[in-house]
Amino acid sequence: MKATLAPSSLISLPRHKVSSLRSPSLLLQSQRPSSALMTTTTASRGSVAVTAAATSSFEALREGIAEFYNETSGLWEEIWGDHMHHGFYDPDSSVQLSDSGHREAQIRMIEESLRFAGVTEEEKKIKRVVDVGCGIGGSSRYIASKFGAECIGITLSPVQAKRANDLAAAQSLSHKVSFQVADALEQPFEDGIFDLVWSMESGEHMPDKAKFVKELVRVAAPGGRIIIVTWCHRNLSPGEEALQPWEQNLLDRICKTFYLPAWCSTSDYVDLLQSLSLQDIKCADWSENVAPFWPAVIRTALTWKGLVSLLRSGMKSIKGALTMPLMIEGYKKGVIKFGIITCQKPL
Amino acid sequence: MRLMTHNMLSCNIKGVTNGFPLKIEAEKVIEKEVDFNPDFLRHMFAKIEWKDLVEAARSLGYAELPEDSPDATVIESAADESLLKKLHHALLELHLEEGALVCPETGRKFPVNKGIPNMLLHEDEA
């Protein structure tokens, strides 16, 4: 499956009503009420009311995410290196890759994303980049080096921010990249300052997708590009209001250990960007291009080194590892999609 | 936190219209040497809020930058790099390790620990 599209073409996906954008499914609804992390909002269809209970759940989720990454980042880096995202592979590639093969795939993911967004032709214009949900800064350092641009990354995890800064210093990139603790839903930046807004596999953590996208758009400079690469659920068919119960149940089990709020679909993101008058909106389903990733992660977890590191790392890591087969199941059954959505802010 | 970063950070507490620039309360400032890269500085110059940088540098104890923003042509010309070197030092080599960034409108302090600002808002500020 070719993952590239003609420029300025808008993929027509099965579209559900725009009103579903404002449905609770984009907030915290659809989580099992027994979870302390996710409370069910009672916002009716058509309203964006976020109850007080939901707000404090946002805080709880934020803390959960920070603690999860505080605990697991070191383990991930030890085994997989400084890119905390999927690799991009040729579809149906049956060759089992070496560790370095997977690292290259992770770099390729960055390059393919930039290419998809049409960024590579505009190198000179990229002076400032923001990495939203930056992990330990792999993308930031790579992109800063590639474009000679300044890159600022934000993460909820103080451990990640510190590690990201240390790695930047070790790679003599401190003058170009810096990392802070901040919330993607409340980005601590003025409007319109970034030529490139980068969100690589962080969107799935955002409890309010509309607010998340609004912030990405707000901080993008006129003419700037926004790149969102994220885990989504499949697009709903026309007339379909929600996922099937078994699909929702699968996602709920994943949400709990990975500290994810409710999922949305790729076309939900497209709808949001359209509603904010972004141009050149493009999207693609890269699920086939990331298929080797989770089996590879599981293989590394089952090595002697992996198991020992997991045990040392703690319960969150162990639970996370046990959840990985569910990701594979989700992809195989077409519930989970690996989506890329890109656009440009009008001048 | 270097001043290059500070030059971009602002306070986004709900209702705040004047959240930039953040004032600096410096408790511990260190200097870290960075390779001088004039091309990079020239590349970034247009994006820098000069007056805010001058004031921020003073908060960190460095007062060598001229008050008024230099002309772009002065920065572009290859001849005199002394100004570029001062810019380099202020922007990239001064680090706020411990202290706080203060919202100019509300006075809210965002702590800076081990060189990392924590810009997370509290529940009632979002």
If A:Lys211 meets every condition in (1) away from chain B (no Cβ under 14 Å); (2) part of a helix (DSSP H, G or I); (3) charged (D, E, K, R); (4) open to solvent by 20 Å² or more (accessible area, probe 1.4 Å) apart from one, which number is that one? (1)
Let me spell it out: the conditions are (1) at the interface with chain B (Cβ under 9 Å from one of its Cβ atoms); (2) part of a loop (DSSP other than H, G, I, E, B); (3) touching a strand residue (DSSP E or B) at 6+ places or on another chain (Cβ under 9 Å), and A:Ser178 meets all of them except one. Which number is the exception? (2)
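Scan A:Ser275, A:Ser265 and give me the residue that is hydroxyl-bearing (Ser, Thr, Tyr) and more than 21 Å from A:His85 (Cα to Cα). Break it down into steps so the answer makes sense when it comes.
Working: A:Ser265 fails: more than 21 Å from A:His85 (Cα to Cα).
One residue alone meets the criteria, A:Ser275.
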Residue hits (region B:36-94; small (Gly, Ala, Ser), more than 21 Å from A:Lys125 (Cα to Cα) and within 14 Å of chain A (Cβ to nearest Cβ)) are B:Ala90
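Listed residues A:Gly74, A:Gly87; which is in a loop (DSSP other than H, G, I, E, B), modelled with pLDDT of 85 or more and away from chain B (no Cβ under 14 Å)?
Working: A:Gly74 fails: in a loop (DSSP other than H, G, I, E, B).
On inspection, the qualifying residue turns out to be A:Gly87.
If we scan region A:108-122, do we find a residue that is at the interface with another protein chain (Cβ under 8 Å from one of its Cβ atoms), free of Cβ contacts under 8 Å to residues at least 60 places away in the same chain and assigned to a helix (DSSP H, G or I)? Talk me through it step by step, then tell me what you get.
First pass over region A:108-122, keeping only residues at the interface with another protein chain (Cβ under 8 Å from one of its Cβ atoms): none.
The answer is no; no qualifying residue exists.
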Considering only region B:3-35, state which residues are open to solvent by less than 10 Å² (accessible area, probe 1.4 Å) and within 9 Å of another protein chain (Cβ to nearest Cβ). B:Met4, B:Thr5, B:Met8, B:Leu9, B:Ser10, B:Cys11, B:Gly19, B:Leu22
Give A:Glu104, A:Glu123 a once-over and let me know the one that is within 18 Å of A:Glu201 (Cα to Cα) and either surrounded by fewer than 21 Cβ atoms within 10 Å (Cβ to Cβ) or modelled with pLDDT under 85 (or both). A:Glu104
Here the residues within region B:104-126 that are on the phi > 0 side of the Ramachandran plot and either buried (at least 16 other Cβ atoms within 10 Å of the Cβ) or more than 9 Å from chain A (Cβ to nearest Cβ) (or both) are B:Gly107, B:Gly115
Identity of the residue in region A:146-156, closer than 24 Å to A:Val213 by Cα and modelled with pLDDT under 95, that ends up nearest to the other protein chains (Cβ to nearest Cβ): A:Glu150
Would you check which residues across region A:146-171 are open to solvent by 40 Å² or more (accessible area, probe 1.4 Å) and among the hydrophobic types (A, V, I, L, M, F, W, C) and list them? A:Val159, A:Ala169, A:Ala170
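Out of curiosity, is A:Arg163 closer than 30 Å to A:Cys264 by Cα and either away from chain B (no Cβ under 14 Å) or touching a residue at least 24 places away in the same chain (Cβ under 8 Å) (or both)?
Details: closer than 30 Å to A:Cys264 by Cα: no; either away from chain B (no Cβ under 14 Å) or touching a residue at least 24 places away in the same chain (Cβ under 8 Å) (or both): yes.
Against the criterion (closer than 30 Å to A:Cys264 by Cα and either away from chain B (no Cβ under 14 Å) or touching a residue at least 24 places away in the same chain (Cβ under 8 Å) (or both)), A:Arg163 does not qualify.
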Residues A:Ile136, A:Ile143: which one is open to solvent by less than 10 Å² (accessible area, probe 1.4 Å), among the β-branched types (Val, Ile, Thr) and within 14 Å of chain B (Cβ to nearest Cβ)? A:Ile136
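The values are calculated or read from the model by the stated rules, or taken from the named source; none is laboratory data. Just so it is clear, the structure is predicted and the values come from calculations on it, not from any experiment. All Cβ positions, even for glycine, are placed from backbone atoms using ideal geometry, and neighbour counts span all protein chains on display. Side chains included, ligands, DNA and RNA excluded: accessible areas come from the protein's heavy atoms. Shrake-Rupley method; radii C 1.70, N 1.55, O 1.52, S 1.80 Å.
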